[in-house]
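The values are calculated or read from the model by the stated rules, or taken from the named source; none is laboratory data. Note that the structure is a prediction, hence the values are computed from the model and not measured. Please note: Cβ atoms are built from the backbone with ideal geometry, for glycine as well, and neighbour counts cover all protein chains shown.
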Amino acid sequence: MIPAQTVREIIDAARIEEVVEEFVSLRKRGINRIGLCPFHNEKTPSFNVNPTRNIFKCFGCGKGGDAITFLMEHENFTYPEALRWLARKYNIEIQEVEQSPEQRAEQQLADSLYIVNDFALEHFQTQLFDTDEGKSVALAYFKQRGIREDTIRSFGLGYAPNLPDLLLQRAKVVGHSPELLRKVGLSSQDGNRDFFRGRVMFPIHNLSGKVAAFAGRTMSSDKKVPKYINSPETEIYVKNKTLYGAFQSKKAIRQKDECILVEGYTDVISLHQAGIENVVASSGTSLTEGQLQLIKRNTNNLKILYDGDPAGVKAALRGLDLALEQDLNVKIVLLPEGEDPDSFVQQIGSEAFGEYISKEAKDFILFKTQLLLEETQGDPIRKAGLIKDIMGSIALIPDPIKRGLYLKECSSLMDVSEQVLYEETNKLINVALRKKADREARQPGAATDMPGRADDRPDIPEQEMVKPVRENVAKGSSEIREWDIIRLLIQFGGQELTDENMTVAELILSDIEESLTAFDNPLYGQIAAECHALLTEGKTLAPAYFLEHESKAIRTLAIDILAESDRWQYSPNWEDMKDLPLQSQPKPEMNFSADSHKALNMFKLQKLNKILEINKERIKMADHSGDLEELVRLQKVHIKLQEVVREISRRTGTIVLR
Ligand code: ZN
């Protein structure tokens, strides 16, 4: 283990530009460096490295973070691996904390289990290729399934003949302990027989390509024999953190920026053989968080291929909310009835298959909405249940902009006002946040760095991923106004406003004190409240506070905002370009005073407009129910609200048509 102090030393020594340049060629632009993004395919560089802030950010795919994040993402390193790499680069000596005897024993056991698995892998391959039974039974089976020999070899497929203890016998000859074979699940629990007999064998690799387990498909036609059996869970095989094919597919997944999920081993193999290599299989179980995180290490885009009837698909959809929570973009592809990916690709060929799945891919939430809507058929109670169900899914999406887009789409699909859906989701989000806060409060030390546990990065950034900010700005939703406030707090919070004799944060927070709980975006609300608390304690805000925040969401947001602002900064020779009409204007980063006032007014306008909208709905309802008294009261409120809106609009020079 690496001592915490050394971890700090390594992190302080790491220069983002030096680390990135080991893998990507960069050129200078202003104080930044730019290059072609290694995480997605592009022809014009949008990959930015900012030496001042020591972060990178891609404005194409959104990836961003520090040197450690870069190594973890680019090299598939674990946190300790990234630290060791950096330590070597910067000649920092790691005085490893002495492993405890238990830890050492655990490590040694894992090493020996891998060795035994490697031995078994070779054994199964020999049985497949070099024995008469292997050739006539297993090789013939693979060939009949259309699997070529090069594919068989690259996936390490093999054969376990139908003999009681062939593997055990051979292991004894070369000196492998029977106890280890039992521990890794290659023999029966009593250690007398081979676990896999009369089966074609599929090795299951971990992400670094080591064989962690096996799956075996029976060659028997006896219906009582289970078709597939798997190695049991062991020290080196945790089922819910494993995806079949993840090792073979990770490069293609990253290049295509998409992961295709299928059900079976042969689906993965067959698609690979057809040249579609960004495929993994969940092996039947519904997706777990650990598996989704594995996917997220390489892409945010998940395409799930389903074969089966609508009822089966509906059941499968229930398991997908976890994927939304991980901020994955999930698409669903239904295969024609009676086809699985394996049969279908063999039937129509890889090109037509690729066309089919990109044409037929449907967004998960919209797909689910349509599927469930068909069932409700004008039954209002069932429809109410459906709305709750769908909003429950949408509420899980961490990205507010994406959420907003879904609400818009679903509003028209379900014929329910966007406002109602909006409030419904926000309620759900707030409930979830409260639950989460409770959970964290009940786990002492959960949110803090624990000394001595340097091998686990606190809050691992599987993906420091937020939509490019520029995209957000074009949307004009309430969250943009809120985002603008948060941007100013993060970027300029501690800066003094010369005319006002206070800081940007003081100006903003004193002005919207009463609105602090009215943020639509819970994260922004949390940040604003936190800033307020800091000011109350007499502290000053600085960008570093957010960049080093213990919450991943806040770190990510800060990286995004700061990287974005640096991106649009003026080039160093800007001052020399005397003829530029802009020349008399202050640089945008110096203009935070005007910026702050404008953002504040826009924020307030937005909040007022929202109240106006709600009021309008109420007027409609009062009108509908014939409640005249209420109607008159609401109309008076409406006029008052409009006056205030007009006043603020006049001040900001914004024309608001309402
Ligand atoms: Zn990129």
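The set of residues from region 361-403 being part of a helix (DSSP H, G or I), in contact (Cβ under 8 Å) with a residue 24 or more places away in the chain and among the β-branched types (Val, Ile, Thr) comprises Ile365, Thr369, Ile387, Ile390, Ile394, Ile401.
Among the residues of region 487-498, is any closer than 19 Å to Leu605 by Cα, crowded, with 19+ Cβ neighbours inside 10 Å and at pLDDT below 70? No: zero hits. Of all the criteria given as (1) assigned to a helix (DSSP H, G or I); (2) modelled with pLDDT under 85, the one not satisfied by Gln569 is (1). Among the numbered conditions (1) touching a residue at least 12 places away in the same chain (Cβ under 8 Å); (2) within 16 Å of the ligand (Cβ to nearest atom); (3) farther than 25 Å from Ser208 by Cα, the only one that Thr6 does not meet is (2).
Inclusion of Thr285 among residues that are modelled with pLDDT under 90 and surrounded by fewer than 19 Cβ atoms within 10 Å (Cβ to Cβ) is warranted. Here is a check on your reading of the model: is Lys303 within 28 Å of Leu413 (Cα to Cα), in a strand (DSSP E or B), outside the structural domain of Tyr406 (by TED's automatic domain parsing) and at pLDDT 90 or above? Here the answer is yes, as Lys303 does meet what is asked.
Considering only residues that are without any contact (Cβ under 8 Å) to a residue 60 or more places away in the chain, part of a helix (DSSP H, G or I) and under 17 Å from Val268 (Cβ atoms), which ones fall in region 338-352? Selection gives Ser343, Phe344.
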